[in-house]
Amino acid sequence: MAYSDKVLDHFNHPRNLGSFDKSEKNVGTGIVGAPECGDVMKLQIKVENDVIVDARFKTFGCGSAIASSSLATEWMKGKTINEAFQIKNTEIVKELSLPPVKIHCSVLAEDAIKAAVEDYRKKKASVAF
Amino acid sequence: MKFPIFLDNMSTTRVDPRVLEEMLPYFSEEFGNAASRNHPYGWKAEQKVDESRSRIARLIHCGPKEIVFTSGGTESCNLAIKGVCEIYREKGDHLIVGTTEHRAVIDVARRMERSGFRVTYLPVDKTGIADLEALKKEITDKTILIALMYGNHEIGTIHPVAEIGKIAKERGVLYFCDAAASQGFVPMDVEAMGIDLLALSAHKIYGPKGIGALYVRKKNPRVRLAPIIDGGGAERGMRSGTLNVPAIVGFGKACELAQAEMETERERLWKLNEKLKKAIESSLDYVHLNGHPTQRLPNILNMSLEFVEGESILMGINDIAVSSGSACTTATLEPSYVLIALGAGVELAHTSIRFSFGRFNTEEEIDFTAKRVIETITRLREMSPLYDMAKEGIDLKNVTWKKE
């Protein structure tokens, strides 16, 4: 299977690779997937005034999974958490020209975004009370 | 070095120039049909086909008339199983098939199940060796065929073929052995090993694609097969169709070369195999050999490199042609059933990589490969959340995962 140039670019030059300390108050962490399914994505966001000021990812998975999560971190940065929550897997499919067999990679990235935002929201709520 | 470096010799091999040279006249001047009995064109073709038959027969220690030409390993497996099932149905309706067999055997067995046969899938141990005690227990008076391969195409593990043959003989069951992955790399003797049917393929041993053979025992016992292709009655009626003379010539030459060079080549391939394995093991943690450490084909090295997904490895080492048992790289999008049969978890399949060496690989290529693999795995593990977790001492088996 041939990969699109954008997938190769993200695979060879991943953006925002790394981790934040997940115990920090303003960090939201989403981990989705499972090793036995062949892909696990960890997305983290750093939030100030409901705006995502920074993002990190680590992914176990195929090139398309790595590219999808790398792209997700790029897109999340600068968005409010509500805006980030609206990112759709189909937009990732389109941007990376993912073939049908790789659509699940984009779904996983969307799930990871939502999981990170929800984790942040939960943290914020527990601090407020 | 020529890039990409070809370390996928289990998928196919390059035709040896000596093989090609011997084939060429049979496309042009010597174009006769080996079945033409009335003129020199036919005689010459037949004579050369007979010579090839003898060369192939010598490699596996059988008689030349016991070789039936087919279109390849897959057809040979189909003919063996379907052919036996049709003829011996009166005698019994039970087959025993290994869980790590090639799809050309497993899928045929499944079809036989749909047409009323019962199939027992025989388990293997964690190195891929068939459980012979289970085999003895599973044989009943209705068992007509045991299908257990020689060397495995993914992990290289070699079954105790002679013992299987002995058990089959004692119980009066036919033994079919798929040797498409192993012929020419390790010594084979159908007589000493008690094999009744043996599948062979030319393109795995530097011969052309589209030609294979099935060894069919002629005596003690005389094995009978129903053909799956009917027609003019070539190959003792077991496989009709005009013989593919140039390919048969190439197959014969490939067998002759494999036999002549087997000892030195086997040693050389083991050396390359060990070299790559040691280089990887000494530089990376969390790596496992899949298959048996010693009872294995010299030309296969299958390893799982934990926490890194197979397709991403292949993408990372794109100047080396290899294969993986990861779901993403298989035609079925299912992880390798061979690796799963070893019972060590599906993760092992997702992170697996198969190197298969051949006649044209050099030590220089192995050194380059080792370096590239180590660099790539190191880079990809930096991206892997699982590697971090393992380093933190978290047992991944105890984590609750949010599956899709």
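A short reminder: the numbers here are calculations on the coordinates, not readings from a lab. A quick note: this is a predicted structure, and the numbers were derived from the prediction, not measured. All Cβ positions, glycine included, derive from the backbone under ideal geometry; neighbour counts span all protein chains shown.
Subtracting the Cα-Cα distance of B:E263 and B:Q47 from 0.36 nm times their residue separation leaves 74.8 nm of extension gain.
Let a ≥ b ≥ c be the square roots of the eigenvalues of the Cα gyration tensor of the range B:171-264; is it rounded (a/c under 1.5), or, if not, prolate (a/b larger than b/c) or oblate? Oblate. Counting Cβ atoms of other protein chains within 10 Å of each residue's Cβ and taking the mean over peptide B:379-389 gives 6.
In order along the range A:100-115, the Karplus-derived 3J(HN,Hα) couplings, from 6.51 cos²θ - 1.76 cosθ + 1.60 at θ = phi - 60°, round to x, 5, 9, 4, 4, 5, 6, 5, 5, 5, 4, 4, 5, 4, 4, 5 Hz, and Gly and Pro are given as x. Taking amide hydrogens as placed 1.01 Å from N in the peptide plane, the amide H of B:I211 sits under 5 Å from those of B:A202, B:H203, each at least 5 positions away in sequence or on another chain. Its relative contact order, with pairs defined as Cα atoms under 8 Å and 6+ residues apart, puts the range B:126-172 at 43 percent. Note on B:S11 and B:D319: the extension gain reaches 109.2 nm, defined as 0.36 nm multiplied by sequence separation minus the Cα-Cα distance.
Taking each DSSP H run with n ≥ 4 as -39500 (n - 2.57) and averaging over every residue of chain B yields -12500 deg cm²/dmol at 222 nm.
Roughly what angle does helix B:73-88 make with the longest principal axis of chain B, taking Cα atoms, 0 to 90 degrees, to the nearest 10? Tilt relative to chain B: about 60 degrees. Using just the C-alpha positions of the protein assembly as shown as equal point scatterers, what log10 of I(q)/I(0) does the Debye formula give at each q in 0.07, 0.08, 0.13 1/Å? The Cα Debye sum returns log10 ratios of -0.48, -0.60, -1.18. The value of relative contact order for chain A, using C-alpha pairs under 8 Å at least six residues apart, is 30 percent.
For the range A:4-9, 3J(HN,Hα) computed residue by residue from phi via the Karplus equation (6.51, -1.76, 1.60; θ = phi - 60°) reads 6, 4, 5, 4, 4, 4 Hz, glycine and proline entered as x. Taking 7 Å steps out from each Cα toward its Cβ at B:H39 and B:A162 produces label points 5.1 nm apart.
For chain B, the longest principal axis of the C-alpha atoms and the axis of helix B:245-283 are separated by about 20°. Please work out the Cα center distance from the range B:6-61 to the range A:5-70, rounded to the nearest Å. Measuring centre to centre over Cα atoms gives 56 Å. A straight line joining the Cα centroids of the range B:369-394 and the range B:143-193 runs 39 Å. For the range B:228-254 versus the range B:278-294, the spacing of their alpha-carbon centroids is 43 Å.
For B:G345, neighbours were defined as the other residues whose beta-carbon sits under 13 Å from its Cβ, and their charges (Lys and Arg +1, Asp and Glu -1) total -2. Give the angle, between 0 and 90 degrees and rounded to the nearest 10, that separates the Cα long axis of helix B:103-114 from the longest principal axis of the Cα atoms of chain B. That helix lies at roughly 70 degrees to the long axis. Net charge of the neighbourhood of B:D141, taken over other residues with C-beta under 15 Å away and scored Lys/Arg +1, Asp/Glu -1, is +3. Computed from the Cα positions only, the extents of chain B along the three principal axes stand at 77, 52, 36 Å, in decreasing order. On the basis of the beta-carbon distance and an R0 of 35 Å, B:E392 and B:D131 show a calculated FRET efficiency of 0.40.
So what is the relative contact order of chain B, in percent, for Cα pairs below 8 Å that sit 6 or more residues apart? Averaging sequence separation for qualifying contacts and normalising by length gives 21 percent for chain B. Other residues whose C-beta falls under 10 angstrom from the C-beta of B:I155 contribute a net charge of +1, scoring Lys and Arg +1 and Asp and Glu -1.
Annotation: amide H of B:K402 within the under-5 Å range of A:G33, sequence separation 5 or more or interchain, hydrogens built in the peptide plane.
Karplus-based coupling profile of the range B:52-62, in residue order and whole Hz: 5, 4, 5, 5, 5, 4, 4, 5, 10, 6, 10, with θ = phi - 60° in 6.51 cos²θ - 1.76 cosθ + 1.60 and x standing for Gly or Pro.
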